[in-house]
Each structure stands twice: as structure tokens, then as C-alpha cells.
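The values are calculated or read from the model by the stated rules, or taken from the named source; none is laboratory data. For clarity, every value in this text was computed on a predicted model and none was experimentally measured. Cβ sites come from the backbone with ideal geometry, for glycine too, and all protein chains shown count toward neighbours.
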Amino acid sequence: MYWGAGFASSRSFVVDLGRNQSLAVGLCGSDEHHSFYGYIVAFPLQDYGGIMSGFASDSWWRKTLYLTGGALLAAAAYLLHELLSIRKEQQMDSKDAIILHQFSRPKNGVPSLSPFCLKMETYLRMVDLPYQNYFDGSFSHRGTMPWIEYNHEQVSGMEFIIDFLEEKLGVTLNKNLTREEKALAHAITTMVEEHLYWTIAYCQWIDNIEETQCMLDMSGPLSDLLKWLFSHLTSGIVRREMYSQGIGRFSREEVYALMEKDMRALATLLGDKKYIMGPKLSSVDATVFSHLAQAMWTLPGTRPEQLIKGELINLAMYCERIRRKFWPEWFVDLDDFAFEDQSDSSCDSPAPVLDFGLFSRTDTLEESEASSPSNSTKHSPLTDHSMHSLFDSDIEVDGSDVEQKDKGQPA
């Protein structure tokens, strides 16, 4: 019996990356197995002769159309296989180990183009829990990313993952918050993840898709084509989901107006505090940082970057504060803190970076500045003309120590 295989989707796109399923596919002549994602439908060709007779009766242009369509389908199948089957299946034991499933790293140095993946990994660093990254591209059973495994138990959904870790491992960032502060933190998290997220995603995958496409890390002779395919598939999914959510029904100017209101609200809530809820970290900081980081480091020349590096500079300092403390291997160029038009930049021009490898994950800015007093008088992009560092507001000084110093100084 003859049979055929093809891609199918209940929606208006070739493949729905939001609801992928995994299927082990063995390559001919190889014992290795690879993950293949997408909907695959096998159907018997019972009336093979009838189909062929249809070909004979059709005009030449219809035959050409059939053959071209088949060739395009085969090409799409191959490209999607190369795109989504790039990770070798591995057996990972999650016994007493946190395995974090997330998207692959982009090539511009940012840990993730997904704010939710960046949030989860940043949270694990904030609570100082060891974990293993698994960039296999497989979604959870609920079709979400990221998700974790711990002792062979799978957990998905950001809030559920955090609750799970608090219950199983007894870690929390919110123990110092009052009931009112916890309620406020929950409201901020909801605003960021259910509202600001969509406007940033619009800027990333619709309005700024060429630059985002350049940041994707794919290798091989068809890497440019694969990046184009993946970015435009994602763009289509974002458009559809934004429309369903409601924000996608507004014009470009209205979407950016909503984004600006959210960012200004965050800047007002932060004020001159070290973190969103005060001098101590809380889980809301992982949320806010991971979304603002997209505006800081993945959207060159856009309105979000102009805002965060210009008028709302306290948000930029907040992001840099967290990046330095919990992402010492994440290199950035501090000269980029001032917004500049980068419309002439191309994918092939690498951005210069500064090496902050000397910062350990547990270092704070206060410790770094205290250990290098000789550097306090140097001008830098983060020092104003009064010789005060823009990070001075982070320094926690005991009031009694200040009084003793003042008393010891001659009049």
C-alpha cells in the first residue's frame, strides 16, 4: 500500500511552534536519533491509480502546479527538520537536579530572546540553586517554554515552577515582603507578563524582525534561510496571538503608546530604590529584569531602547545592576548605555564588548567599588561630571558608621 507524509496544522501556518510534539526519527544508516517537532500526518494512498489518472487528465499548468507544490512541501519538510531537529536526544537524570529546558542562546551575547526563559534562569541564580540547561527545543506537555524537571517530575508555568521550588527546596525571595507588598509584586508581575510582554514581542518579532533574525544562532550552509524561516514563522504566530489577546488589534502607534505607559509605570515604581520592592531582591525582580533586558540589549534603534537608555535611565541602571551581579559571563559594552541611531548596522558587524569576567556571581557593586578605591576617580560612561558613580545609590551604608566618620573628621 502506498502512503504519504506531510505537515498539518489546525491554524493558518505551516507549523504551530506553540503546540509542538516530539517524535524520535532515526536517520538511515545511523543509530543516532533526533527530535523532530511539528504535526506529522501519515495518510494511505488507497486510490493511487485514480490520483495518477487525474494527473493525466489535467492540463500541463495544473501538473506543473502539483509538482511545484510537492517540491515546496518536500523542501519545507527538509528545512523544518534541519531547523527543529538540531539537538541530539540525550538521557538526562533529573534525580536531585534541576534541569531547565529552554530555547538556544542567541549569538549577540544575550542569554535568551525569550523573557520567560531569561526570567527562569535569572531566578535560579538569584536563589542560588544549581541547575543544568537543556537546549533541546522540546516544549512541556502543556506546550510551554521554559519548563523544569526535578526528580523526574515535570513542572511548567512560571508561577507554578517558582511555587514548586519553594515547596520542594524551601527557597524564596519574598520572605521579607509584607502581605501588601506581595500583592503589589503580584500585580506588577501580571502587568509585565500579560501586557508589556506583548508590546516587546511586537517590537522584536514584527517591527524589528530583521535585527532579531540576525541574532539567531544557526549554523550550516542553509543558516540564513533557516533563520529567515524561523523568524517569519514566529512573527506569524506572534501576530495571531497578539490579535487574540487584544493588543494586536491596535495600530503600531497605539501599541508603542501602551508599551511606554508600562515602562513609565515601572520607572516610577522603581524610583531611586535598588530593587523594585526596596533594598532586597524579590521574585518580581526576575520578572521585570528579564523583560526590560530585551529592550536594553536586543532592540537596537527602537523606541524601547530610546526610553530605557534615555529618559528612563533608572531602569537601565537597574538592569545593569542585576546583570553584573548574576550574569558575570554576560558581556556588554558600557558605551552603549547612551542611545545612538544604529540604522546602518548590519548582521555581520560584531559589537565591541567589555570583559567583566572578574565579577563573580556573588559579587556586589559595593564590594567591587570598595576593593578598587583607586578607580573611583576615573571617568567612565557610568560616571557623571561630579565624579559620582551612577551606581552610588546602590551602596548601603549604616547610618551609625556615617555619624562616626563625621565625628572623626576635623571641622
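Worth a mention:
- Residue within region 121-132 that is at pLDDT below 90, of a type outside the set (K, R) and either within 20 Å of the chain's Cα centre (by Cα) or in a loop (DSSP other than H, G, I, E, B) (or both) present: no
- Applying the criterion of at least 3 residues that are at pLDDT 95 or above and closer than 21 Å to M277 by Cα to the helices (runs of 4 or more DSSP H) found wholly in region 167-216 leaves 179-191.
- A count restricted to region 297-309 and to residues that are in a helix (DSSP H, G or I) and more than 12 Å from the chain's Cα centre (by Cα) stands at 7.
- Qualifying positions in region 204-247 - at positive phi and touching a residue at least 40 places away in the same chain (Cβ under 8 Å): G220
- Pairs, first in the same structural domain as I276 (by TED's automatic domain parsing) in region 317-328, second in a loop (DSSP other than H, G, I, E, B) and of a type in the set (S, T, Y), C-beta under 7 Å, six or more apart: K325/T364; P328/S360
- Some residue of region 220-239 being closer than 23 Å to V288 by Cβ, modelled with pLDDT of 95 or more and within 17 Å of the chain's Cα centre (by Cα): yes
- Residue match in region 298-312 (condition: surrounded by 19 or more Cβ atoms within 10 Å (Cβ to Cβ), within 22 Å of C214 (Cβ to Cβ), in contact with a Gly (Cβ under 8 Å, 6 or more places away or on another chain) and assigned by TED's automatic domain parsing to the domain that holds N174): no
- Count of region 217-226 residues which are in a loop (DSSP other than H, G, I, E, B) and either surrounded by 15 or more Cβ atoms within 10 Å (Cβ to Cβ) or touching a Cys at 6+ places or on another chain (Cβ under 9 Å) (or both): 2
- Members of region 247-296 found to be among the hydroxyl-bearing types (S, T, Y), surrounded by fewer than 15 Cβ atoms within 10 Å (Cβ to Cβ) and not in a helix (DSSP H, G or I), listed by number: S251
Quick grid of which residues meet (1) crowded, with 20+ Cβ neighbours inside 10 Å; (2) of a type in the set (A, V, I, L, M, F, W, C):
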{"position": "G137", "(1), (2)": "yes, no"}
{"position": "I148", "(1), (2)": "yes, yes"}
{"position": "V155", "(1), (2)": "no, yes"}
{"position": "D163", "(1), (2)": "no, no"}
{"position": "N174", "(1), (2)": "no, no"}
{"position": "E180", "(1), (2)": "no, no"}
{"position": "A183", "(1), (2)": "no, yes"}
{"position": "T199", "(1), (2)": "yes, no"}
